[in-house]
1. Being surrounded by fewer than 17 Cβ atoms within 10 Å (Cβ to Cβ), over 17 Å from the mean Cα position of the chain (by Cα) and more than 16 Å from residue 177 (Cβ to Cβ) is the filter here, so list the residues in the range 81-102 that pass it.
2. Which of the residues belonging to the range 152-173 are surrounded by 15 or more Cβ atoms within 10 Å (Cβ to Cβ) and either modelled with pLDDT under 85 or out of contact with any helix residue (DSSP H, G or I) (no Cβ under 8 Å at 6 or more places or on another chain) (or both)?
3. Residues in the range 5-12: is at least one at pLDDT 80 or above, within 22 Å of residue 129 (Cβ to Cβ) and part of a helix (DSSP H, G or I)?
4. Restricting to the range 26-56, count the residues that are at pLDDT 90 or above and assigned to a loop (DSSP other than H, G, I, E, B).
5. So which pairs qualify, if the first residue must be in the range 27-40 and without any contact (Cβ under 8 Å) to a residue 60 or more places away in the chain and outside the structural domain of residue 126 (by TED's automatic domain parsing), the second must be part of a helix (DSSP H, G or I) and buried (at least 16 other Cβ atoms within 10 Å of the Cβ), the Cβ gap must be under 6 Å, and the two must be at least 6 apart or on different chains?
6. Of the residues that make up the range 116-125, is at least one within 18 Å of residue 19 (Cβ to Cβ) and in contact (Cβ under 8 Å) with a residue 60 or more places away in the chain?
7. I need the full set of residues from the range 163-179 which are farther than 19 Å from residue 137 by Cβ and not in a strand (DSSP E or B), in order please.
């Protein structure tokens, strides 16, 4: 290893971010940093990744950063029809066609539209995971009488905070919350 070159950072964390839309942006690394910090990374962890990327070409930086990302998009397990309706309502776009179309039948154009809407809303919303009673259905997660008090950055974080005995009585749902 060269004197100024740092070793590949082993962070053990992921950021919910689709870097593809930043492929040609000069703000690729800045975007990653903002998302990482907002999802609980320490400044030191972000700097390790940033320092490692300093000597890399732009296309190499994208490839490396993708290793630290989980795309929140195109993942039908983590996006429900209720999430789509909530996002559209938040943007005052209740009549948008995506609210009427089942996620399972979305094509690339639909995912692209949803991605654009997410980008528009993310200055106000953050994707999190929360624990709900087994009696709460996913389509009702935004309409419960007593909303969750704790939110987690990833499904895995939420799962870690479940006691063994409460696993049978609890659902973990992805949810959008206002910042």
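The values are calculated or read from the model by the stated rules, or taken from the named source; none is laboratory data. In this text, all values refer to a predicted model and were calculated from it rather than measured experimentally. Methodologically, a virtual Cβ is constructed for each residue, glycine included, from the backbone with ideal geometry; neighbour enumeration extends over all protein chains shown.
1. 92, 93, 94, 95, 97, 99, 100, 101, 102
2. Passing the criteria: 153, 154, 155, 157, 158, 170.
3. Checked the range 5-12: no residue is at pLDDT 80 or above, within 22 Å of residue 129 (Cβ to Cβ) and part of a helix (DSSP H, G or I).
4. 1
5. 28/22; 31/22; 32/65; 33/46; 36/46
6. Yes - at least one qualifying residue is present in the range 116-125.
7. Answer for the range 163-179, where residues must be farther than 19 Å from residue 137 by Cβ and not in a strand (DSSP E or B): 163, 164, 165, 179.
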